[in-house]
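Colleague: Shown below is the structure under consideration.
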Amino acid sequence: MGAEKTKAFGTIAADAPLNEMNIQRREVTSKDIEIEILYCGVCHSDLHTARNDWGGTIYPVVPGHEIVGRVTKIGNEVTKLKVGDLAGVGCLVDSCRECNSCEHDLEQYCLNGFTGTYNGADKHLGIQTYGGYSEKVVVDEHFVLKVPANLDLSAVAPLLCAGITTWSPLRHWNVGKDSKVAVVGLGGLGHMAIKLAKGLGAEVTLFSRTPGKTKDAKELGADEVVISTDAEQMKSVQGKFDLIIDTVPYVHDINPYVSTLNISGTLVLVGYLGELDPMLNTVPMIMGRKTVAGSVIGGIAETQEMLDFCGKHNIVSEVEIINIQDINIAYERMLKSDVRYRFVIDMASLKK
Ligand code: NAP
Ligand code: ZN
């Protein structure tokens, strides 16, 4: 297998800044597509992984799983795309493709474990996978997405994670024009959740800690904004929502949100990974047949469905373009919820 050197940006330790480095990409095999990366979104998961918030980070790590670019090479059995086409890669680059989940287009729930775009186990090279903060990537065609040509490419990148992670629960819980949806947290995932829920015809409310985001939220499509620290405002939406998508990255009290669910409503956690503190009070759940659920990204077919929907409805992310050399500053700003609403790296800056 080839051992080509590829320029990338990553980190060697949880407490070290990201810096330029060289990584290895495999030679294109018969089913592979090589993509020159043009833009890569900056997800809060990149920061969690770089700083080992979840444990299990293998260093060096090159984050980035909101990748868009142009096809530069294809294997001789590739049929999905050709050289010169636009292409996208999200959070998955492989899975077993044989288990019950994979057979049902749920590669994200692969029973043998999916291969993440970064910090995954690369089956070809026997090392960790490296993400999109790099010049190029080589991915099996099954995990490569077609990108609608009518959309601004830099603003498409965040759809590959923030978009699909919020689209998947919206679709799974059958959100449509009669639905009342709430979103907790207005960041990368939150702003896409508002746009996509609105695109599906739902009435949408944002829960935010940050009063300064109210105007933006309404411009993004929210019908209402509830400041979650204001008890009166929280009271005004008791028993209202069919679905709540909670995107908050850190431990927080979800009990006040459960109270805002309608009978049989569901609160789906997509942000925080770990034990709840304070614990979940089961009384409102039992007395109202309410569900607290979780969801991780989305399958490849569902990601394509979301991209096609966005192409048709002109939905993209609100982005702030940065150079790769500013990634450490971007991480600090993300920790302060100071992103409006997704940083996207112009990968041409890596050539500087
Ligand atoms: P982000 O852009 O940083 O947005 C998170 C938002 O949550 C913030 O803008 C803020 O909104 C709110 N928030 C932040 N800290 C908070 C706290 N301590 N308490 C309450 N609210 C807080 O992050 P993101 O990229 O959207 O990612 C959100 C989370 O989803 C991350 O943990 C990420 O790892 C995870 N994620 C999960 C999946 C999945 O498949 N399940 C996929 C991608 C990402 P306000 O200012 O409006 O309060
Ligand atoms: Zn992500």
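Colleague: Of the conditions (1) in contact (Cβ under 8 Å) with a residue 40 or more places away in the chain; (2) assigned to a strand (DSSP E or B), Thr29 satisfies every one except a single condition; which number is it?
Modeller: Just one mismatch for Thr29, condition (2).
Colleague: Kindly indicate which of Leu189, Leu160, Leu220, Leu206 is touching a helix residue (DSSP H, G or I) at 6+ places or on another chain (Cβ under 6 Å), modelled with pLDDT of 95 or more, within 16 Å of ligand 2 (Cβ to nearest atom) and among the aliphatic types (A, V, I, L, M). First the steps, then the outcome.
Modeller: Working: Leu160 fails: touching a helix residue (DSSP H, G or I) at 6+ places or on another chain (Cβ under 6 Å); Leu220 fails: within 16 Å of ligand 2 (Cβ to nearest atom); Leu206 fails: within 16 Å of ligand 2 (Cβ to nearest atom).
None of the others qualify; the one that does is Leu189.
Colleague: Return the pair list, or none, for Cβ contacts closer than 8 Å from residues in the stretch 312-331 that are closer than 14 Å to Ala348 by Cβ to residues that are in a loop (DSSP other than H, G, I, E, B) and among the charged types (D, E, K, R), at least 6 apart or on different chains.
Modeller: Asn323/Lys352; Gln325/Lys352
Colleague: Right, next: Go through (1) within 25 Å of Glu320 (Cβ to Cβ); (2) within 15 Å of ligand 1 (Cβ to nearest atom); (3) aliphatic (A, V, I, L, M) and name the single condition Ala182 misses.
Modeller: Looking at each condition in turn, Ala182 falls short on (1).
Colleague: Which one of these is assigned to a helix (DSSP H, G or I) and assigned by TED's automatic domain parsing to the domain that holds Glu320: Ala155, Ala197, Ala193, Ala217?
Modeller: Details: Ala197 fails: assigned by TED's automatic domain parsing to the domain that holds Glu320; Ala193 fails: assigned by TED's automatic domain parsing to the domain that holds Glu320; Ala217 fails: assigned by TED's automatic domain parsing to the domain that holds Glu320.
One residue alone meets the criteria, Ala155.
Colleague: If Pro256 satisfies all but one of (1) away from ligand 2 (no atom under 15 Å from the Cβ); (2) surrounded by fewer than 20 Cβ atoms within 10 Å (Cβ to Cβ); (3) assigned by TED's automatic domain parsing to the domain that holds Pro211; (4) more than 27 Å from Lys215 (Cβ to Cβ), what's the number of the condition it fails?
Modeller: Unmet for Pro256, out of (1) away from ligand 2 (no atom under 15 Å from the Cβ); (2) surrounded by fewer than 20 Cβ atoms within 10 Å (Cβ to Cβ); (3) assigned by TED's automatic domain parsing to the domain that holds Pro211; (4) more than 27 Å from Lys215 (Cβ to Cβ): (4).
Colleague: Residue by residue through the stretch 171-190, note down the ones that are closer than 15 Å to Gly221 by Cα, basic (Lys, Arg) and not in a strand (DSSP E or B).
Modeller: Residue satisfying the conditions is Lys177 alone.
Colleague: Collect the residues in the stretch 22-80 that are within 16 Å of ligand 1 (Cβ to nearest atom), of a type outside the set (Ser, Thr, Tyr) and surrounded by fewer than 21 Cβ atoms within 10 Å (Cβ to Cβ), keeping them in residue-number order.
Modeller: Leu47, His48, Arg51, Asn52, Asp53, Trp54, Gly55, Gly56
Colleague: Got at least one residue in the stretch 77-88 being away from ligand 2 (no atom under 16 Å from the Cβ) and more than 28 Å from Asn150 (Cβ to Cβ)? Steps first, please.
Modeller: Restricting attention to the stretch 77-88, the residues satisfying the condition of being away from ligand 2 (no atom under 16 Å from the Cβ) are 77-87.
Among the residues that remain, those that are also more than 28 Å from Asn150 (Cβ to Cβ) are: 77.
Yes, the stretch 77-88 contains a residue that is away from ligand 2 (no atom under 16 Å from the Cβ) and more than 28 Å from Asn150 (Cβ to Cβ).
The values are calculated or read from the model by the stated rules, or taken from the named source; none is laboratory data. Because the structure is predicted, anything quoted here is derived from the model rather than measured. Glycine gets a Cβ as well: all are built from the backbone with ideal geometry, and neighbour counts include every protein chain shown.
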